[in-house]
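The values are calculated or read from the model by the stated rules, or taken from the named source; none is laboratory data. In this text, all values refer to a predicted model and were calculated from it rather than measured experimentally. When we count neighbours, we look across all protein chains shown, and the Cβ atoms used for this are built from the backbone with ideal geometry, even at glycine. For the accessible areas, the whole protein counts, side chains as well, though only heavy atoms, and no ligand, DNA or RNA atoms are used. Shrake-Rupley method; radii C 1.70, N 1.55, O 1.52, S 1.80 Å.
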Amino acid sequence: MTQTCGFVAIVGRPNVGKSTLMNRILGQKISITSRRPQTTRHQVMGIKTEGDAQFIYVDTPGMHIQSKDRNKAINRFMNQAATHALRDVDCVVFLVDRTRWTKEDDNVLDKLSHVEAPVILAVNKVDWVENKQELLPWLEQLQAKRTFAAILPISAKHGTNVPELETEVGKYLPESIHYFPDDQVTDRSQRFLAAELVREKVMRQLGDELPYQMTVEIEEFRDEGRIIHISALMLVERPGQKKILIGENGERIKKVGREARLDMEKAFGAKVMLNLWVKVKRGWSDDDRALKSLGYDLE
């Protein structure tokens with residue numbers, strides 16, 4: 001049998017469910033998720049091998065329109081990371097949110113006008129659409145926006161039509177040897193995943209209390225087989241943010257640590273000893289050199 005292998009970019013505006021979709025396809029958590037827009041900051045690769053076909057999905061940060069409050073170096077990095085993922089892919093999955101179309105969807109559509117690869121439009125969260133009769137005319141409206149290879153209503157959270165989406169994507173994988181071992185599921189390290197899991201817990205718990213100026217740096221990752229020792233430094237930009245993150249009597253940081261540790265133990269299949277610290281590093285999110293040193297690097 002001939003092997004096929006190809007790259008598939010999952011793109012869309014912030015908070016449409018790109019990471020949830022990739023985790024659903026892979027059957028495990030590779031990309032972190034929260035209700036807050038722009039949870040994903042990096043390209044994250046998810047690899048799924050089924051028989052002779054290897055799908056290499058690239059989860060991307062939400063493409064957003066630059067504005068006064070979204071013009072920091074980190075915002076520019078996220079947009080670059082998302083656009084960068086469109087280079088040399090074999091297929092694009094453009095994810096939109098049910099019957100809502102925004103200027104930011106138009107922005108993504110404009111970026112896709114330069115892409116030669118086939119674009120599949122996936123209309124997510126259709127389980128939230130109360131009147132299903134609204135869907136058909138809406139899908140017809142979407143067809144007028146550009147020539148899509150296919151348009152599919154899906155639910156990334158519940159898996160509705162996700163196998164059908166994978167079948168559609170599979171049509172565009174070129175003949176090729178597999179680039180990764182058949183049992184590999186991501187190109188990212190356990191160290192990277194540990195940092196992301198801590199950041200996810202902070203974003204989920206703090207909602208709008210803590211702005212985006214928070215990142216996580218792993219200072220120690222020591223694998224002793226049955227036990228992994230991890231030390232994570234959470235960087236914020238102001239002393240007030242540090243106070244919020246620690247919480248009264250340290251309750252917030254304890255909860256973040258407890259939830260992150262449980263997820264790490266599940267992901268790594270070992271007991272985890274996790275230590276967390278919070279440090280103020282002023283202006284890191286608008287400093288290109290600081291971002292690079294913290295792993296925000298397209299290379």
Among the residues that make up region 270-287, is at least one of them open to solvent by 20 Å² or more (accessible area, probe 1.4 Å) and without any contact (Cβ under 8 Å) to a residue 12 or more places away in the chain? no
Residue that is modelled with the lowest pLDDT, among those in region 25-74 that are surrounded by 21 or more Cβ atoms within 10 Å (Cβ to Cβ) and part of a helix (DSSP H, G or I): ILE74
Apart from one, (1) in a loop (DSSP other than H, G, I, E, B); (2) on the phi < 0 side of the Ramachandran plot all hold for ALA122; the odd one out is (1)
If the Cβ limit is 8 Å and pairs must be 6+ apart or interchain, which residue in region 79-105 that is closer than 14 Å to ILE120 by Cα pairs with which residue that is among the acidic types (Asp, Glu) and open to solvent by less than 20 Å² (accessible area, probe 1.4 Å)? VAL96/ASP105
From the options GLU134, GLU175, GLU168, GLU200, residue that is open to solvent by 20 Å² or more (accessible area, probe 1.4 Å) and out of contact with any strand residue (DSSP E or B) (no Cβ under 8 Å at 6 or more places or on another chain): GLU134
Please find, within region 137-165, the residue that is nearest to ASP88 (Cα to Cα) out of those that are open to solvent by 60 Å² or more (accessible area, probe 1.4 Å) and β-branched (Val, Ile, Thr). THR147
The one condition ALA194 fails out of (1) in contact with an Asp or Glu (Cβ under 7 Å, 6 or more places away or on another chain); (2) open to solvent by less than 20 Å² (accessible area, probe 1.4 Å); (3) not polar (S, T, N, Q) is (1)
